[in-house]
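Take a look at the structure below.
The values are calculated or read from the model by the stated rules, or taken from the named source; none is laboratory data. Note that the coordinates shown come from a computational prediction; the quantities given were computed from them, not determined experimentally. Methodologically, a virtual Cβ is constructed for each residue, glycine included, from the backbone with ideal geometry; neighbour enumeration extends over all protein chains shown. The area values use the complete protein model at the heavy-atom level, side chains included, leaving out ligands, DNA and RNA. Shrake-Rupley method; radii C 1.70, N 1.55, O 1.52, S 1.80 Å.
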Amino acid sequence: MNKLSNIKGVIFDLDGTLVESQLNFGKIKQQLNCPFETDVLDFIEDMTSKEQQDRAHQIIIEHETSDAMNAKALPHMHALLASLQQLSLPTAIVTRNSKAATSTKLSQNNITMELVLTRECYPAKPAPDALLAIASQWNIPAAELIYVGDYLYDIQAAKNAGMLSVFINHHQHTDYQHQADVIVSDLKELELALAAQHQ
């Protein structure tokens, strides 16, 4: 965990990282006739008519809205954020979620963060644009920031931005987790690791 010793800021994914998500991507892809192995947002981007794209975005937003209504904070999330505040480490969120669903999830779970970027702000992960925008706004080199997430795109986005990737596996081994710089089993482990490095 000594990789975390020079960290000056923490950026989080949202779904499955700070809050629960029950989004059923299989069902969404089925409704859109999107091939299973294709990314949903890429699939919509490649649609030929604006009308098709608008309808597809509407389907995703309906799913996200209903998911947002039920999203609960993951264990230790508030303790972790409070600990980062005590350590004076700035925090932000970068999510592939829509602005509306993100705002619902944050307000329902009492998450206050000044900097929250959604897919409407910058190209979606694994593109590094949103992460680099935060590094620039904070005036901190990307190499001194971590991006914390629970999916392959999070690891890829961090690598593409030149940041350290921290992967939360929720006590489940995944076949791509070895690509991350640091692996933790839950938010408590991350809290302890960061606190130990910034005493």
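Points worth noting:
- In segment 50-87, the residue that is surrounded by the fewest Cβ atoms within 10 Å (Cβ to Cβ) out of those that are of a type in the set (A, V, I, L, M, F, W, C) and more than 25 Å from GLY9 (Cα to Cα) is MET69.
- Within segment 157-174, being among the hydrophobic types (A, V, I, L, M, F, W, C) and outside any loop (DSSP other than H, G, I, E, B) holds for ALA157, ALA158, ALA161, LEU164, VAL166, PHE167, ILE168.
- Residues considered: GLY149, GLY162. Of these, the only one that is small (Gly, Ala, Ser) and open to solvent by less than 10 Å² (accessible area, probe 1.4 Å) is GLY149.
- On inspection, LEU32 fails the criterion of being under 16 Å from the mean Cα position of the chain (by Cα) and aliphatic (A, V, I, L, M).
- Among residues of segment 31-52 that are under 16 Å from ASN97 (Cα atoms), those with a Cβ under 8 angstrom from a residue that is surrounded by 15 or more Cβ atoms within 10 Å (Cβ to Cβ) and at pLDDT 90 or above, sequence gap 6+ or separate chain, pair up as LEU41/ARG96; LEU41/ARG119; LEU41/ALA124.
- Among the candidates ALA135, ALA101, ALA143, ALA79, the residue that is small (Gly, Ala, Ser), assigned to a helix (DSSP H, G or I) and in contact with a Pro (Cβ under 8 Å, 6 or more places away or on another chain) is uniquely ALA135.
- Taking every residue in segment 129-141 that is under 18 Å from THR118 (Cβ atoms) and pairing it with any residue that is open to solvent by 50 Å² or more (accessible area, probe 1.4 Å) and β-branched (Val, Ile, Thr), at least 6 positions away or on another chain, yields no pair with a Cβ-Cβ distance below 9 Å.
- A count restricted to segment 39-49 and to residues that are over 20 Å from the mean Cα position of the chain (by Cα), assigned to a loop (DSSP other than H, G, I, E, B) and either of a type in the set (Phe, Trp, Tyr) or surrounded by 14 or more Cβ atoms within 10 Å (Cβ to Cβ) (or both) stands at 1.
- Entry remark, segment 175-191: residues being part of a loop (DSSP other than H, G, I, E, B) and open to solvent by less than 30 Å² (accessible area, probe 1.4 Å) number 2 in total.
- Subset of segment 112-146 that is within 22 Å of HIS57 (Cα to Cα) and of a type in the set (D, E, K, R) - its residue that is surrounded by the most Cβ atoms within 10 Å (Cβ to Cβ): LYS125
- Some residue of segment 50-70 being modelled with pLDDT under 90 and part of a loop (DSSP other than H, G, I, E, B): no
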